[in-house]
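Participant: Right, I'll just put the structure down here and ask away after.
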């Protein structure tokens, strides 16, 4: 299946710093999703974006759905050690059964 | 969001044996569930879509005779890895779609 390009691939930051990561695709999506995966666990939904241009926050997390519908970014402000994990973006086209495409992931390490 | 459970959380088996993994939707009835596979340091790849009361839909390159899927009720889908080999060792994750996709905690399969 198609994968979305996510960058950066990995990040090492100091606790308290802000983080920014993005996801791009050559195809248009109707919904963008951001998940966090801890080691040995399934992905947990962080933010869902349903409308081009939409900016949504969830606590210290903010995500935006690109105007072109081909990209999205996720920002984490004032990072803390528990932010460590792998962040995946996912694009969804329509209401079909197998329409969720995952990004390649961004591995975040927060140094206390 | 939807709550999804998986059992077992991890399993070790000998080469040539079969392993069954269960996925349960705990708080709503899911006519469709999805099975993903994730190799170390990689993203999630959709294997198949499990349809309640009918045959599963497999992604290209996934052997339907090797990965048997049964979706006998609206809250349970099972994935059976038949005649498992070491290359089948992976992290298997199921998901259900409510407003968007919610994932189970995953099952780590190790084939010796």
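Participant: Residue under question is residue A:104, and the condition is that it be under 14 Å from the mean Cα position of the chain (by Cα) and farther than 18 Å from residue A:5 by Cα; does it hold?
Facilitator: No; evaluated as a whole, the condition is false for this residue.
Participant: A follow-up question, please. Do you know which residues across the stretch A:17-31 are outside any loop (DSSP other than H, G, I, E, B) and modelled with pLDDT of 95 or more? Steps first, please.
Facilitator: As a first pass, look at the stretch A:17-31 and keep what is outside any loop (DSSP other than H, G, I, E, B): A:19-24, A:31.
Listed by number, the residues that qualify are A:19, A:20, A:21, A:22, A:23, A:24.
Participant: Quick check on the stretch A:76-98. Is at least one of its residues surrounded by 16 or more Cβ atoms within 10 Å (Cβ to Cβ) and touching a helix residue (DSSP H, G or I) at 6+ places or on another chain (Cβ under 7 Å)?
Facilitator: Yes, the stretch A:76-98 has at least one match.
Participant: Enumerate the strands (runs of 3 or more DSSP E) found wholly within the stretch A:51-112, keeping only those where 2 or more residues are more than 14 Å from every other protein chain (Cβ to nearest Cβ).
Facilitator: Values: elements: A:55-58, A:61-65, A:71-76, A:85-92, A:100-102, A:106-111.
Passing ranges, in order: A:55-58, A:61-65, A:71-76, A:106-111.
The values are calculated or read from the model by the stated rules, or taken from the named source; none is laboratory data. If you're wondering where the values come from, they're calculated on a predicted model, not measured in any experiment. Heads up, the Cβs are rebuilt from the backbone with ideal geometry, glycines too, and the neighbour counts pull from every protein chain shown.
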